[in-house]
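Please read the structure below before turning to the comments.
The values are calculated or read from the model by the stated rules, or taken from the named source; none is laboratory data. Bear in mind that the values here come from a model prediction, so they are computed numbers and not experimental data. All Cβ positions, even for glycine, are placed from backbone atoms using ideal geometry, and neighbour counts span all protein chains on display. In case anyone asks, the SASA skips ligands and DNA or RNA and just uses the protein heavy atoms, side chains included. Shrake-Rupley method; radii C 1.70, N 1.55, O 1.52, S 1.80 Å.
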Amino acid sequence: MIPMSWYLALAAVLFTIGAVGVVVKRNVISMMIAIELMLNSANLTLVTFSSYFGELSGQVLVFFVMVVAAAEAAVGLAIVVLLFRNRQTINVDEASMLKL
């Protein structure tokens, strides 16, 4: 059996990669992928603790996180499509103003 610390280390690495991706990348799509990576690392942590303590509450919370992530992706992609239609770019620096 794989020890719990390995799962937590993997989650920490995934969260770190996602956080660096959000800070470094200027492309909106890349930033959304990095945010999804961070949410999935949180899900991995929740499932790990849920499995370790024998509780189902962590796994139920993962479903809520997945629903929020899906809604975030849908709204975010809609905003990106509108941004690209109006400005012809998906660079965050060029889209700093919300007024079109």
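Take the stretch 5-37 and flag every residue that is open to solvent by 40 Å² or more (accessible area, probe 1.4 Å), over 19 Å from ILE79 (Cβ atoms) and of a type in the set (A, V, I, L, M).
LEU8, ALA9, LEU10, ALA12, VAL13, LEU14, ILE17, VAL20, VAL23, VAL24, LEU37
Cβ-Cβ below 7 Å, separation at least six or inter-chain, first residue in the stretch 25-41 and on the phi < 0 side of the Ramachandran plot, second open to solvent by 60 Å² or more (accessible area, probe 1.4 Å): which pairs?
Here the result reads ARG26/ASP93; MET31/LYS25; ALA34/LYS25; LEU37/ILE17; MET38/PHE15; SER41/PHE15, each pair linking the stretch 25-41 to a residue that is open to solvent by 60 Å² or more (accessible area, probe 1.4 Å).
For (1) without any contact (Cβ under 8 Å) to a residue 24 or more places away in the chain; (2) touching a Phe, Trp or Tyr at 6+ places or on another chain (Cβ under 9 Å); (3) more than 15 Å from PHE15 (Cα to Cα); (4) of a type in the set (A, V, I, L, M, F, W, C), each residue gets a yes or a no:
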| residue | (1), (2), (3), (4) |
| --- | --- |
| LEU44 | no, yes, no, yes |
| LEU56 | yes, no, yes, yes |
| VAL67 | yes, no, yes, yes |
| GLU72 | no, no, yes, no |
| LEU77 | no, no, yes, yes |
| VAL81 | yes, no, yes, yes |
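Specify which of the listed residues (GLY18, GLY58) is under 27 Å from ALA95 (Cβ atoms) and of a type in the set (Gly, Ala, Ser).
Exactly one residue qualifies, and that residue is GLY18.
Scan the stretch 39-67 for residues that are exposed (fewer than 11 other Cβ atoms within 10 Å of the Cβ) and of a type in the set (A, V, I, L, M) and report the count.
The total comes to 2.
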